[in-house]
Amino acid sequence: DPLPSDLGIKYIYNPKSETEIDALEDLIDEIQTAILRDCMYPELAIESGFGQYIANYQQAEDLLVVRHAMDMYDVKHRLLRNYLGKVERSLSQLEKDVIVVAENLLPSDIATIDMKHIKGIILEKNVV
């Protein structure tokens, strides 16, 4: 399936600065080039492009930069899920009380969590 020119990222992530906008535009160009010129599968191009981007930001000492890496990890997974047509699992509309057990929670998971039905959260990791 063809990808939108901006890969649909503008619907998933709202950049907060000109630097983030420029970095995302570069990332989009890199992914599109990998798909169109290098004939890379879109899933692999997305994984590869974001993987390198995230790895660079995770090495930073500044907590805000590391948080940006977490945001990009979240964007990558949401973009892949959308592209592959996978159903979104959400913690926002729980019908009964649960204990959440997960390797990690993405920022979008945390932002939409329905706390009235969460009785506990067990995470293997607390950082991307």
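A compact table of results
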read-out	value
Search result, residues across region 1-22 that are in a helix (DSSP H, G or I) and either modelled with pLDDT of 80 or more or more than 15 Å from ASP71 (Cβ to Cβ) (or both)	GLU18, ASP22
Output for region 40-94, where each listed residue is farther than 28 Å from ASP114 by Cβ and in a loop (DSSP other than H, G, I, E, B)	MET40, TYR41, GLN59, ALA60, GLU61, ASP62
Answer from ILE122, ILE110, ILE99 - the residue that is open to solvent by 40 Å² or more (accessible area, probe 1.4 Å), on the phi < 0 side of the Ramachandran plot, assigned to a helix (DSSP H, G or I) and among the β-branched types (Val, Ile, Thr)	ILE110
Complete set of residues in region 14-61 that are hydroxyl-bearing (Ser, Thr, Tyr) and within 19 Å of PRO107 (Cα to Cα)	SER17, TYR53, TYR57
Pair list, Cβ under 7 Å, 6 or more apart: region 62-79 residue touching a residue at least 40 places away in the same chain (Cβ under 8 Å) and open to solvent by 60 Å² or more (accessible area, probe 1.4 Å), other residue part of a helix (DSSP H, G or I) and among the hydrophobic types (A, V, I, L, M, F, W, C)	TYR73/ILE54; ARG78/ILE12
Meets criteria (under 30 Å from ILE122 (Cβ atoms) and over 11 Å from the mean Cα position of the chain (by Cα)) for ARG67	yes
Subset of region 23-39 (residues that are of a type in the set (Asp, Glu) and part of a helix (DSSP H, G or I))	GLU25, ASP26, ASP29, GLU30
Of residues in region 37-58 being modelled with pLDDT under 90 and of a type in the set (A, V, I, L, M), the one least open to solvent (accessible area, probe 1.4 Å)	ILE54
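The values are calculated or read from the model by the stated rules, or taken from the named source; none is laboratory data. Note that the structure is predicted; figures quoted are calculated from it, not measured. As a convention, Cβ positions derive from the backbone with ideal geometry for all residues, glycine included, and neighbour counts pool all protein chains shown. Surface accessibility is based on the protein's heavy atoms, side chains included, excluding ligands, DNA and RNA. Shrake-Rupley method; radii C 1.70, N 1.55, O 1.52, S 1.80 Å.
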